[in-house]
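To start, the structure under review is shown below, and the notes come after it.
The values are calculated or read from the model by the stated rules, or taken from the named source; none is laboratory data. Computed from a predicted structure; not experimentally measured. Cβ: placed from backbone, ideal geometry, glycine included. Neighbour counts: every protein chain shown.
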Amino acid sequence: MSLLTTLIQASTRFQQTLENRSTAEAEGQRAKGASGTETVQSSSPGDDRFTPSGDSLNDMGKLKSQKLPLADYKQTVGQDLAFVKETLRHKLAEYNLNPTTAVSVNKNDSGRIEVGGKVAEETRTRIENDLNVNKNFTEAFSRLSVNEPTLHFMDNAMKLNQAYGVNNSLLDTIVSEDQQFNGLQDLVHRYDTLRRSAPVDQVEVAVTQGSYAFNLNTRA
């Protein structure tokens, strides 16, 4: 669960940065508003333009996120998850390994699949070779490496919102008001773009970008 913990911590720091930035911008707007109060008051009675308050913005964000079809996202990710699990279980059986053997899968810097766990070196190398030439497996794993962390983030943010009323500004930022632009890949792209542009320590960014690993037969 170290990956999920790292993602949550990075997301929290990212959210705090965005909130601090929003606070600074809001204070600047208030200062400008104070200097131009007379101009605002002189607006014609028919002028229906308005600036949403902080609470209104939060409510808008909640409405957007509540419309997200998380069940659909989970089904999409679950299909890849099930395929990866089944493939690894098949490999354990193929090489006469105990079906409860704990193994992990990740990609190295060159994009090659690597297998970890208490498996003999020769067997581990053969399994790695098999997985790397399995196009369906490598594509499913690549999708999981970006989709699952984003889904975890959204799911946790929604649960906190529902249980404690905690609003996550990062979630509000990546969700579009137009639901047709809230497909899983749309959200993954926005989340990744914002995460990359956030002023987070470069070491932490590298960790969240490159250390996704799938674990089979390991306990939380």
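Those residues that are charged (D, E, K, R) and surrounded by fewer than 16 Cβ atoms within 10 Å (Cβ to Cβ), I need them from the range 99-127; list them, please. Outline the logic, then answer.
Let us first name the residues in the range 99-127 that are charged (D, E, K, R), namely 107, 109, 112, 114, 118, 121-122, 124, 126.
Residues satisfying the conditions are Asp109, Arg112, Glu114, Lys118, Glu121, Glu122.
From the list Arg124, Arg89, Arg143, the lone residue that is farther than 29 Å from Tyr191 by Cα, in contact (Cβ under 8 Å) with a residue 60 or more places away in the chain and in a helix (DSSP H, G or I) is Arg89. Taken together, the criteria exclude Thr138 from residues that are farther than 30 Å from Arg190 by Cβ and either surrounded by fewer than 18 Cβ atoms within 10 Å (Cβ to Cβ) or in contact with a Ser or Thr (Cβ under 8 Å, 6 or more places away or on another chain) (or both). Applying the condition of being crowded, with 18+ Cβ neighbours inside 10 Å and at pLDDT below 95 to the range 65-81 and asking which residue is farthest from Thr123 (Cα to Cα) yields Ser65. Annotation for the range 82-90: no member residue is surrounded by fewer than 17 Cβ atoms within 10 Å (Cβ to Cβ) and among the polar types (S, T, N, Q). The one condition from (1) touching a residue at least 24 places away in the same chain (Cβ under 8 Å); (2) outside any helix (DSSP H, G or I) that Asn98 does not meet is (1). Here Glu114 passes the criteria (1) out of contact with any helix residue (DSSP H, G or I) (no Cβ under 8 Å at 6 or more places or on another chain); (2) within 20 Å of Asn217 (Cα to Cα); (3) not in a helix (DSSP H, G or I) except the one numbered (1).
Residues that are modelled with pLDDT under 60, out of contact with any Cys (no Cβ under 6 Å at 6 or more places or on another chain) and of a type in the set (Ser, Thr, Tyr): which helices (runs of 4 or more DSSP H) entirely in the range 167-220 hold 3 or more of them?
Working: elements: 169-174, 184-197, 202-210.
By residue number, no helices (runs of 4 or more DSSP H) qualify.
Gln162 passes every criterion in (1) closer than 18 Å to Ser211 by Cα; (2) without any contact (Cβ under 8 Å) to a residue 60 or more places away in the chain apart from (1).
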